[in-house]
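Peer 1: My questions all concern the structure below.
The values are calculated or read from the model by the stated rules, or taken from the named source; none is laboratory data. Quick caveat, the model's predicted, so the values are computed rather than measured. Cβ: placed from backbone, ideal geometry, glycine included. Neighbour counts: every protein chain shown. Surface areas here come from the heavy atoms of the whole protein model, side chains and all, with no ligands, DNA or RNA. Shrake-Rupley method; radii C 1.70, N 1.55, O 1.52, S 1.80 Å.
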Amino acid sequence: MPDTPSNRPALPPEITRRRTFAIISHPDAGKTTLTEKFLLYGGAIQMAGQVRAKGEARRTRSDFMQMEKDRGISVSASAMSFDYKEFRFNLVDTPGHSDFSEDTYRTLTAVDAAVMVIDGAKGVESQTQKLFEVCRLRDLPILTFCNKMDRESRDIFEIIDEIQENLAIDVTPASWPIGQGRDFIGCYDILRDRLQLMDRADRNKVAESIEINGLDDPKLAEHVPADLLETFLEELEMARELLPPLDRQALLDGTLTPIWFGSAINSFGVQELMEGISKYGPEPQIQMSEPRNILPEETKVCGFVFKVQANMDPKHRDRVAFVRMASGHFKRGMKLTHVRSKKQMTISSPVLFLASDRELAEEAWAGDIIGIPNHGQLRIGDTLTEGEALRVTGIPSFAPELLQGVRAGDPLKSKHLEKALMQFAEEGAAKVFKPSIGSGFIVGVVGQLQFEVLASRIELEYGLPVRFEQSQFTSARWVNGDKQAIDNLVDTNKQHIAYDNDGDIVFLTRLQWDIDRIKRDFPDVRLTATKEMMV
Ligand SMILES: Nc1nc2c(ncn2[C@@H]2O[C@H](COP(=O)(O)OP(=O)(O)OP(=O)(O)O)[C@@H](O)[C@H]2O)c(=O)[nH]1
Ligand SMILES: [Mg+2]
């Protein structure tokens, strides 16, 4: 980074103790279950909930939307802050399904590290690979948790090999599993020389942890059956020969990932991972921004919006911007400059996301994620500063790949529908286009499931049953460039023209041929598949 001084002062202790990370993986590897156990060990909740809880049983805190609860999948990233020992964790549970990956990718711009969860029976899956590549682009440090070790898993060396080969990153074992599937009895904590035994009877109880004085300690044999012990000692010796030791700098550079083994649902291996994040994970990092980067230790406050969510909680019907603090010590009531509009905003009711509720945030430090309720001024990508015109960069916007028309079940409710759609467009949950001819709206998303989420949310949050239907269009392009040329294009192609929620012009078509034609006939006009977010 060109403008980063090499002799940076030490970070204030309040910043050093912060660990801000996302949990990522292929769908169903166990992110939400792991998140819930983090909350449990962080003392933020008393009892862990389940992803597919039935009846009165407790649900997980991070799957807060009705559709998430119904289907047992995460569709939206959710942030949670809690203390673990002397550390402050800001954790974001992300959805694994690729239809929701825009949310996950944006989250990765707001964290300093990622915990990559791997299903021990499956290894590196397609979505793991994609998410990993996004982390790599940002040199994000990665800690790996190999989950579901209570089930039959693949060979450990094979999994490690697969990570090293497919993801091109060195792997160092932080723990080593003893036994497998039904015979899985626990892990050896390599970093702290402890034997962690699993408590199978009580899933939510902290498992037994026995201090071991090196691998010759006779205590090992007291707790581990002879055959498992022999295999374990052989494997560990091999691992030590073949794999590099833990080197914090390599972890921080993103070239080495430590791997822990465990079973999130049985709370097993979770605390060791939390210790690892505390001890080896990065403190708040430098934020890429234009015209200069932002250092966390700067005394002036700066933060940026990476997610907007409306109607998060029926108790608080409002819109919340998720803001990652990039620098300084924020205090409630501060006046900050909204760089895009150059307007001042008094941040009077910022919130901290706790396990299942929110609390007023009296203060926040670089590294924290806070929520700022607002009426639509705050958009994804916006930067807030104490006056300087800084603009945080790198927050992705995806091209809408699927287009569908949408209608209210009751035609008289189309104004209501418009309001709901605008809200979702501003949230970044979908792109919404109003064709210049005819009525109705066209909605663009990245993945099919997003239509279902929208339909369910419009019904639940606005009391409005809606129907999505095939559209005559399949592609959308934003129109930029010379004003006169754009006017000509609009006049001669009315049946293709629509306006997005900001009133910007969009060209809709079902034929690549049309796009090529416009490019040829209107050389002074640019067509882009994503909207250029900031000016
Ligand atoms: N056997 C076993 N099952 C687990 C474990 N951890 C999670 N599960 C189950 O795996 C399923 C998926 O878990 P989730 O926590 O929802 O996975 P996720 O990664 O959050 O899934 P998405 O958010 O939809 O991508 C649930 O049925 C969990 O109960 C584990 O350690 N062992
Ligand atoms: Mg989940």
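Peer 1: If you build the convex hull over the alpha carbons only and average its shadow over all orientations, what do you get for the stretch 254-317? Give it in nm² to one decimal.
Peer 2: Computed as one quarter of the Cα hull surface, the answer is 8.5 nm².
Peer 1: Based solely on C-alpha atoms, express the radius of gyration and the Dmax of the stretch 461-519 in angstrom.
Peer 2: For the stretch 461-519, the Cα radius of gyration and maximum Cα-Cα distance read 14.0, 43 Å.
Peer 1: For the Cα atoms of the chain, what angle does the longest principal axis make with the long axis of helix 512-521, in degrees from 0 to 90, nearest 10?
Peer 2: Tilt of helix 512-521: around 50 degrees.
Peer 1: Give me the percent relative contact order of the chain, please, defined on Cα pairs under 8 angstrom at least 6 residues apart.
Peer 2: Relative contact order of the chain: 13 percent.
Peer 1: May I ask you to work out the translational diffusion coefficient for the stretch 285-428 at 4 °C, viscosity 1.567 mPa s, via Stokes-Einstein with Rh from the Kirkwood sum over Cα pairs, reported in whole µm²/s?
Peer 2: Estimated diffusion coefficient is 79 µm²/s.
Peer 1: May I ask for the distance between the Cα centers of the stretch 349-374 and the stretch 263-292, given as a whole number of Å?
Peer 2: Taking the Cα centre of the stretch 263-292 as reference, the centre of the stretch 349-374 is 19 Å away.
Peer 1: Right, something else. When ligands, DNA and RNA are left out and all protein chains stay put, how many square angstrom of accessible area per residue does the stretch 235-309 have with a 1.4 Å probe?
Peer 2: 36 Å²
Peer 1: Give the angle, between 0 and 90 degrees and rounded to the nearest 10, that separates the Cα long axis of helix 270-280 from the longest principal axis of the Cα atoms of the chain.
Peer 2: Taking the Cα atoms of the chain, the angle to 270-280 is about 80 degrees.
Peer 1: On to the next question. For the stretch 95-201, which GluC sites (Glu not before Pro) are in a loop by DSSP, counting at most 15 other Cβ atoms within 10 Å?
Peer 2: Filter output for the stretch 95-201: Glu152.
Peer 1: Can you tell me which of 15-24, 212-221 comes out highest on packing, and rank the rest after it, using the mean Cβ neighbours within 10 Å?
Peer 2: Descending packing order for the listed peptides: 15-24, 212-221.
Peer 1: Once the Cα gyration tensor of the stretch 228-351 is found, what semi-axes does its equivalent ellipsoid get, as square roots of 5 times the eigenvalues, in whole Å, sorted largest first?
Peer 2: Each semi-axis is √(5λ); the values are 42, 21, 11 Å.
Peer 1: A further question follows. Once the Cα atoms of helix 483-492 and of the chain are each reduced to a long axis, what angle between those two axes, in degrees from 0 to 90 to the nearest 10, is obtained?
Peer 2: The two axes meet at around 80 degrees.
Peer 1: Evaluate the distance, in nm, between pseudo-label points positioned 7 Å from the Cα of His416 and of Ser341 along their respective Cα→Cβ axes.
Peer 2: 2.8 nm
Peer 1: Turning to a different aspect of this structure: Of all the accessible heavy-atom surface of the stretch 292-363, with the other protein chains kept in place and a 1.4 Å probe, what percent is carbon and sulfur?
Peer 2: 51 percent
Peer 1: Could you grab the Rg to Rh ratio for the stretch 12-132? Cα atoms only, Kirkwood for Rh.
Peer 2: 0.97
Peer 1: Find the all-direction average of the projected area of the Cα convex hull for the chain, expressing the result in square nanometres with one decimal place.
Peer 2: The Cα convex hull of the chain, projected and averaged over all directions, gives 26.9 nm².
Peer 1: While we're here: Where the eigenvalues come from the Cα gyration tensor of the stretch 88-161, what are the semi-axes √(5λ) of the equivalent ellipsoid, largest first, in whole Å?
Peer 2: They are 23, 13, 12 Å, listed largest first.
Peer 1: Leaving out ligands, DNA and RNA, and with a 1.4 Å probe, what % of the accessible surface on the stretch 92-247 is carbon or sulfur?
Peer 2: 45 percent
Peer 1: Do the sum for the chain: with -39,500 (n - 2.57) for every DSSP H run of n ≥ 4, divided by all residues, what is the mean residue ellipticity at 222 nm, to the nearest 500 deg cm²/dmol?
Peer 2: That comes out to -7500 deg cm²/dmol.
Peer 1: Averaged over every viewing direction, what's the projected area of the C-alpha convex hull for the stretch 123-188? Give it in nm², one decimal, please.
Peer 2: 4.5 nm²
Peer 1: Please compute the per residue accessible area over the stretch 345-476 with all protein chains in place, 1.4 Å probe, rounded to a whole number of Å².
Peer 2: On a per-residue basis, 42 Å².
Peer 1: Using only alpha-carbon positions, what ratio does the radius of gyration of the stretch 355-403 give when scaled by 2.2 N^0.38 Å?
Peer 2: That ratio works out to 1.53.
Peer 1: Could you provide, to the nearest whole Å², the per residue accessible area of the stretch 69-197 with probe 1.4 Å?
Peer 2: About 32 Å² of surface per residue is accessible.
Peer 1: Sort out for me the Cα centre separation of the stretch 384-459 from the stretch 132-183, rounded to whole Å.
Peer 2: First find each Cα centre; the distance between them is then 37 Å.
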